[in-house]
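**Q** The structure is given below, and queries will be raised subsequently.
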Amino acid sequence: MTGGQRARLQVVVVGVLSVTFALLAHAALVDGLPPMAGALLSLFPAALLVCWLVSRARHRWVAGLVAAGAAALLWLGWPQLERHFPDLFFLEHAGANLALGIVFGRTLLGGREPLVTIFARLVHGSLPPEVQRYSRHVTIAWTLFFATMLIASCGLYLAGERAAWSFLANIASPLLVALMFVAEYGVRHRVLPDWERVGILGGIRAFARHFQSARFEAPR
């Protein structure tokens, strides 16, 4: 199997797992799955994030101890989690959009290089001025997208519209992200017709390479 085939297979597997998780999460919030199932599902995204942070931490043993302590507290507070797992789903969705909005938006300030420009430079090397301007505009678009998603998530959940919020978080959000990628690809073809084509997978690989070397200081 070639590298390209492996990459496409990974995308398919991740896609299938993501769709399955989204449908189960929506069922837990709307259709009334058992509280234990809802609590376990709500922990899955947080567990993935913790594992990733521990793997990227400079002092993994310290991060591992912190994660173990958090797991112990979670065990002790399990009855509360079963009663309030929808709140954890909300915090994960709103928190993810807030974090991504900050990650993209902060690169637009203080003379920094916009994040999409960094991705483009990882793929192409040096960039002509028109590509730098375009990639800055794309960074702005993603920042506004995540800010809009954050506002919509908070508005629906805090208004008590759980079914509508679950549809937004579990069904609409991934579809809208995919639509953003497709729309940007189409706009890029019109705005930069002579620029080298890089598909959606190329952009995802650039994103992964950018964060592959990231390191986080574990709490001390």
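**Q** When the accessible area of the chain is split by element with a 1.4 Å probe, what percent falls to carbon and sulfur?
**A** Of all accessible area on the chain, carbon and sulfur atoms account for 71 percent.
**Q** Another question about this same structure. Could you pull the accessible area for ASP31 with a 1.4 Å probe, rounded to 10 Å²?
**A** 110
**Q** If you don't mind, another one. Per DSSP H run of at least 4 residues, take -39500 (n - 2.57); add these up for the chain, divide by its residues and hand me the 222 nm value, nearest 500 deg cm²/dmol.
**A** Result for the chain, helices only: -26000 deg cm²/dmol.
**Q** In bins 10 Å wide, starting from 0, what share of all Cα pairs of the stretch 62-130 does each bin hold, as a percent?
**A** Percent of Cα pairs in each bin: 16, 25, 25, 19, 12, 3.
**Q** Moving on to the next point. Using alpha-carbon pairs under 8 Å, 6+ residues apart, how would you state the relative contact order of the chain in percent?
**A** Contact order relative to length: 29 percent.
**Q** Among [x] 1, 6, 11, 15, 16, 17, 15, 10, 5, 3, 1, 0; [y] 1, 7, 15, 21, 22, 18, 10, 4, 1, 0, 0; [z] 1, 6, 14, 17, 19, 15, 11, 7, 5, 3, 2, 1, 0, 0, which is the computed P(r) over Cα pairs in 5 Å bins from 0, in percent?
**A** Of the labelled values, this structure produces [x].
**Q** Calculate the dipole size of the chain relative to its Cα centre from +1 charges on Lys and Arg beta carbons and -1 charges on Asp and Glu beta carbons; express the result in debye to the nearest 20.
**A** Charge dipole of the chain: 780 debye, to the nearest 20.
**Q** Name the residue from ASN97, MET36, PHE85 whose Cα lies farthest towards the positive end of the charge dipole of the stretch 34-163, charges +1 on Cβ of Lys and Arg and -1 on Cβ of Asp and Glu.
**A** Highest projection toward the positive end goes to ASN97.
**Q** Continuing with this model, one more query. Which longest run of the chain has no exposed loop site in it, a site being GluC sites (Glu not before Pro) in a DSSP loop with at most 16 other beta carbons within 10 Å, and the site itself not part of the run?
**A** Here the longest segment lacking exposed loop sites spans 1-160.
**Q** List the trypsin sites (Lys or Arg not before Pro) within the stretch 47-94 that fall in a DSSP loop (any state other than H, G, I, E or B) and whose Cβ has at most 12 other Cβ atoms within 10 Å.
**A** Here the trypsin sites (Lys or Arg not before Pro) that fit, given the DSSP loop and packing criteria, are ARG58.
**Q** May I pose another question? Give me the 1.4 Å probe accessible area per residue for the chain, excluding ligands and nucleic acids, in Å².
**A** I get 61 Å² per residue for this part.
**Q** Using a Gaussian network model on the chain with a 10 Å cutoff between Cα atoms, which of ALA99, ALA159, ALA46 fluctuates the most?
**A** ALA159
**Q** Still on this structure, please answer the following. Compute from the Cα atoms of the stretch 1-81 the Rg and the Dmax, the latter being the longest Cα-Cα distance, and quote both in angstrom.
**A** Computed over the Cα atoms of the stretch 1-81, radius of gyration and Dmax are 16.5, 48 Å.
**Q** Here's another thing I want to ask about it. GNM, the chain, Cα, under 10 Å: largest mean-square fluctuation among ALA169, ALA27, ALA183?
**A** The residue with the greatest mean-square fluctuation here is ALA183.
**Q** Could you pull the Rg and Dmax for the stretch 77-208, using just the Cα atoms, both in Å?
**A** 17.5, 59
The values are calculated or read from the model by the stated rules, or taken from the named source; none is laboratory data. Because the structure is a prediction, the values reported are computed rather than measured. Here Cβ is always computed from backbone atoms with ideal geometry, including for glycine, and neighbour counts include all displayed protein chains. Note: areas computed on protein heavy atoms with side chains; ligands, DNA, RNA excluded. Shrake-Rupley method; radii C 1.70, N 1.55, O 1.52, S 1.80 Å.
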